[in-house]
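Okay, structure first, notes after.
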Amino acid sequence: MEDYKEQRDRLVSYLKASGIVRSDKVERAFLTVPREEFVSGEMKAHAYVDTPLPLMHTGQTISAPSMLAYMVEALELEAHHKVLEIGAGSGYAAAIMAEAIRGSGDSTSCYKVLAIEIDQDLVSYARDNLQRCGYSDHVDVILGDGSLGLTDEAPFDRIMVSAAASEIPRPLLDQLAKNGRMVIPVGSAAWSQELYLVSKDESGKIKEDYMMDVVFVPLKMDSGLSRDEP
Ligand code: SAH
């Protein structure tokens, strides 16, 4: 049987040594959440290779651990933050963020990540994975079009967008709290996307900082929940 813990420890050592994981809370999150529980079947053997992996039959992928680590570090999560993820996929990124938030507060603090997913099969998949790993009290997976955000729950201190948008969706900018941060891949061509850190200051002014070139699956912007994709 595979010793996943050993592989997980080795991956985290690599992420730390390369300067991608910088904070204790993010290190703790990556050491705690079992990535093998968020990928299926034969993919489990590759759970601790620093690479994106396919999510079931959906054509979607769980991001490489290093990419997720860059994004989570850039968010600078704190225990009191209200966090939104767009594109829950397997639920892994949401679990990492829930764990990082827990790591930055006392054990009594109430923390929750809201994760929107447009694909009904992945909503069920993410919920199952999160429940099996003990995160269902700390992450809510919601079926919907994340490009619209979640009006009823806004504003959000932190937003992670896990799929590439052709431009930053206006509702997400509006739903970002003052002093809020959002990480989002932007670009419509598959091989020319850029990751941005978007911050909103106390006066509501938006700043966009380029982080790096990236490759993500596209954010569906068709607002309906139709799964009859071409
Ligand atoms: N963060 C995920 C991987 C995300 S892959 C993980 O840790 O596993 C990108 C995800 O975004 C896919 O699951 C895809 O179905 C979803 N997605 C694409 N467009 C979306 C939209 N408009 N709203 C919500 N989810 C969307």
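For this structure, a couple of remarks:
- Segment 67-88 residues that are under 12 Å from residue 182 (Cβ atoms), paired with ones that are aromatic (Phe, Trp, Tyr) and within 15 Å of the ligand (Cβ to nearest atom) (beta carbon under 6 Å, 6 or more apart): 84/156
- Test: residue 135 is exposed (fewer than 13 other Cβ atoms within 10 Å of the Cβ), modelled with pLDDT of 95 or more and within 22 Å of residue 63 (Cβ to Cβ): no
- In segment 51-64, the residues that are farther than 20 Å from residue 195 by Cβ and within 9 Å of the ligand (Cβ to nearest atom) never reach a residue that is assigned to a loop (DSSP other than H, G, I, E, B) and of a type in the set (Lys, Arg) with C-beta atoms less than 9 angstrom apart, at least six apart or across chains.
- In segment 138-161, the residues that are closer than 15 Å to residue 98 by Cα reach residues that are of a type in the set (D, E, K, R) and within 11 Å of the ligand (Cβ to nearest atom) with C-beta atoms within less than 8 angstrom, at least six apart or across chains, in these pairs: 141/117; 159/85; 160/85.
- Residues considered: 12, 21, 33, 26. Of these, the only one that is touching a helix residue (DSSP H, G or I) at 6+ places or on another chain (Cβ under 8 Å) and free of Cβ contacts under 8 Å to residues at least 40 places away in the same chain is 12.
- Sole exception among (1) outside any helix (DSSP H, G or I); (2) within 24 Å of residue 10 (Cα to Cα); (3) at pLDDT 95 or above for residue 61, by number: (3)
- Selected residue (only one of 128, 119, 157 is out of contact with any Leu (no Cβ under 7 Å at 6 or more places or on another chain), within 11 Å of the ligand (Cβ to nearest atom) and acidic (Asp, Glu)): 119
The values are calculated or read from the model by the stated rules, or taken from the named source; none is laboratory data. Just so you know, these numbers come straight off a predicted model, no measurement behind them. Cβ: placed from backbone, ideal geometry, glycine included. Neighbour counts: every protein chain shown.
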